[in-house]
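The next block holds one structure in the form of structure tokens; read it before the comments.
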Ligand code: NDP
Ligand code: OXD
């Protein structure tokens with residue numbers, strides 16, 4: 001009975017060590033040293049090379065050490081009958097909400113404009129809207145999006161959400177489904193992307209949909225780079241359709257040094273840090289999932305294979 005582990009993040013070592021202490025009876029095999037593939041019953045993997053999971057005939061559970069599972073669904077040979085679970089950690093939701101709230105307030109209070117004015121030693125007051133007149137849209141009202149909405153609500157913003165199914169979150173106008181996207185976008189002066197990357201959501205923010213936003217809208221993308229068509233984003237920034245963007249995720253990570261986003265005056269960049277997995281809370285959750293799989297119980301935080309999230 002062995003667990004395959006692969007996670008190249010800085011926290012990867014901490015997660016592996018913590019997990020092996022909580023489930024000492026399970027032998028750890030660190031990718032690529034898998035030993036006999038028939039021994040592997042559990043996989044805690046992030047960005048394992050595609051096609052490899054299919055080589056473990058006795059796999060009982062695939063666990064993502066992060067919230068996203070697009071790294072698994074990109075594998076064309078992902079074993080069909082093995083359950084997949086992801087992390088749903090309230091601490092990660094709080095971390096994400098700190099990031100999204102900080103950037104929402106940054107945009108709302110015109111700090112980009114003041115940074116520019118400071119650079120020119122210009123003492124000028126920029127017209128300020130009140131929060132009750134500011135539409136903030138959240139794409140994806142799941143584990144992360146809902147906490148973001150709850151943390152933003154006390155500021156008094158006009159909040160709306162877009163999801164696949166209708167929501168009943170107090171103080172948040174719910175839009176759902178493809179047909180409702182234009183109406184949702186029309187009210188989103190600041191829009192926060194917290195969607196999973198799936199075959200349905202890839203490229204959802206493109207020339208057409210960015211054009212449906214109010215002129216001068218501000219994008220906060222903390223989910224995945226390919227949700228936004230990068231060339232269309234740059235064009236929208238250059239034309240003034242977007243006033244700015246805070247980007248934590250990119251098509252290619254690390255963002256290549258020659259990518260024009262690095263030096264774009266309207267773009268703020270962080271290196272995929274908006275909500276890192278927290279070993280202190282994630283490790284006990286992962287260990288509990290391995291125990292569940294050992295006992296033949298249904299995993300928690302199961303991923304819907306058809307929906308890909
Ligand atoms: P959830 O699965 O809990 O929520 C996803 C939300 O997106 C749901 O509201 C869902 O709708 C909605 N959604 C999915 N597909 C569609 C669609 N086709 N149309 C409209 N809405 C859709 O995910 P989390 O909140 O836990 O995480 C979201 C993403 O954030 C992750 O997948 C990951 O990529 C990213 N992430 C980024 C991190 C970072 O540090 N940058 C850290 C952690 C996560 P419904 O509710 O109807 O199902
Ligand atoms: C995640 C991430 O999905 O860190 O957890 O991106």
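The values are calculated or read from the model by the stated rules, or taken from the named source; none is laboratory data. Treat the numbers as computed from the prediction; the structure is a model and nothing was measured. Note that we place each Cβ from the backbone using ideal geometry, even for glycine, and neighbour counts take in every protein chain shown.
Side notes on the structure shown:
- The condition (being part of a helix (DSSP H, G or I) and in contact with a strand residue (DSSP E or B) (Cβ under 6 Å, 6 or more places away or on another chain)) is satisfied by just one residue among 236, 282, 287: 236.
- Within the range 205-218, the set of residues being crowded, with 21+ Cβ neighbours inside 10 Å and in contact with a helix residue (DSSP H, G or I) (Cβ under 7 Å, 6 or more places away or on another chain) comprises 205, 210, 213, 218.
- Some residue of the range 252-261 being closer than 26 Å to residue 307 by Cβ, within 16 Å of ligand 2 (Cβ to nearest atom) and assigned to a loop (DSSP other than H, G, I, E, B): yes
- Being in the same structural domain as residue 132 (by TED's automatic domain parsing) and surrounded by fewer than 23 Cβ atoms within 10 Å (Cβ to Cβ) is a property that residue 195 lacks.
- The strands (runs of 3 or more DSSP E) located wholly in the range 130-195 that include 2 or more residues which are at pLDDT 95 or above and under 16 Å from residue 104 (Cβ atoms) occupy 135-139, 158-163, 190-193.
- Single match in 18, 51 (criterion: touching a residue at least 60 places away in the same chain (Cβ under 8 Å) and more than 21 Å from the chain's Cα centre (by Cα)): 18
- When 100, 147 are checked against the criterion of being touching a residue at least 60 places away in the same chain (Cβ under 8 Å), crowded, with 20+ Cβ neighbours inside 10 Å and within 24 Å of the chain's Cα centre (by Cα), a single residue qualifies: 100.
- Selection of the range 37-90 for residues being out of contact with any strand residue (DSSP E or B) (no Cβ under 8 Å at 6 or more places or on another chain), within 14 Å of ligand 2 (Cβ to nearest atom) and farther than 24 Å from residue 251 by Cβ yields 88, 89, 90.
- Residue match in the range 211-233 (condition: touching a residue at least 40 places away in the same chain (Cβ under 8 Å) and more than 27 Å from residue 95 (Cα to Cα)): yes
- Taking the listed residues 241, 212, the one that is at pLDDT 95 or above, within 16 Å of ligand 1 (Cβ to nearest atom) and on the phi < 0 side of the Ramachandran plot is 212, with no other qualifying.
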